[in-house]
1. Any idea what the dipole of the chain comes to, in debye rounded to 20, about its Cα centre with Lys/Arg Cβ at +1 and Asp/Glu Cβ at -1?
2. Determine the share of the chain's accessible area contributed by carbon and sulfur atoms, expressed in whole percent, with a 1.4 angstrom probe.
3. With 5 Å bins from zero, work out the P(r) of the range 54-125 over every alpha carbon pair and list the percent per bin.
4. I'd like the FRET efficiency for Ile27 and Arg106, computed as 1/(1 + (r/R0)^6) with the beta carbon distance as r and R0 of 22 Å, rounded to 0.05.
5. Suppose only helical runs count, i.e. DSSP H with n ≥ 4. What mean residue ellipticity at 222 nm does that imply for the chain under -39500 (n - 2.57) per run, divided by all residues and rounded to the nearest 500 deg cm²/dmol?
6. Determine the relative contact order of the chain: mean sequence separation of Cα pairs under 8 Å and six or more apart, normalised by residue count, in whole percent.
7. Using alpha carbon centroids, what distance separates the range 28-60 and the range 63-125, in Å?
8. Kindly state, to the nearest 0.05, the FRET efficiency for Lys91 paired with Ser8, given R0 = 41 Å and r defined as their beta-carbon distance.
Amino acid sequence: MHIRLDPSNELQLYKQLANQLIELIAIGKLKNGDTLPSVRAMATDLGIHVSTVSKSYHELEEKGLIELKPKAKAVIIGGQKRELEETEVEKVENALKPIMAEAFARGLEKEQMTSLFQRILKQWK
């Protein structure tokens with residue numbers, strides 16, 4: 001698993017880690033049933049504080065992508081093809097709206113946005 005965190009990035013380290021783990025699930029490098037390193041091991045590997053990794057893992061758990069069990073490793077439960085509940089679709093829509101609004105506010109045209117989505121979708125399964 002290749003993860004690179006950039007302390008100079010405006011995005012907080014825990015969010016960078018969570019986003020990269022989500023991408024690894026999306027492209028299929030992390031699959032349903034795979035385990036993540038322990039919080040302590042991940043923190044040591046990345047040279048960051050344990051609480052930063054813990055915050056990332058808890059965010060992924062809240063999103064329904066991993067399962068955390070006391071004194072056990074985090075298990076990937078996302079990534080499998082399934083019918084999403086309407087509330088899950090709404091959460092994704094609500095997360096996308098501000099990103100899309102910012103893109104349009106910066107001057108991106110609808111065709112450019114569609115092209116951008118297609119380019120990103122090609123990276124994932």
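The values are calculated or read from the model by the stated rules, or taken from the named source; none is laboratory data. Everything numeric here is computed off the predicted structure, so don't read it as measured data. Don't worry about glycine lacking a Cβ; one is built from the backbone with ideal geometry, like all the others, and counts go over all protein chains shown. Quick note on the areas: whole protein, heavy atoms, side chains included, nothing else; ligands and nucleic acids left out. Shrake-Rupley method; radii C 1.70, N 1.55, O 1.52, S 1.80 Å.
1. Details: 19 positive and 18 negative charges, 102 e Å.
Using Cβ point charges on Lys, Arg, Asp and Glu, the chain gives about 500 debye.
2. On the way: 4840 of 9120 Å².
Taking all protein chains in place, the chain shows 53 percent carbon and sulfur surface.
3. Here the calculated profile for the range 54-125 is 3, 12, 15, 19, 19, 15, 10, 4, 2, 1.
4. 0.25
5. Details: 5 runs with 67 residues, N = 125.
It lands at -17000 deg cm²/dmol.
6. On the way: 107 pairs, mean separation 31.5, N = 125.
Answer for the chain is 25 percent.
7. 19 Å
8. Working: r = 30 Å, r/R0 = 0.73.
Taking R0 as 41 Å, the efficiency between Lys91 and Ser8 is 0.85.
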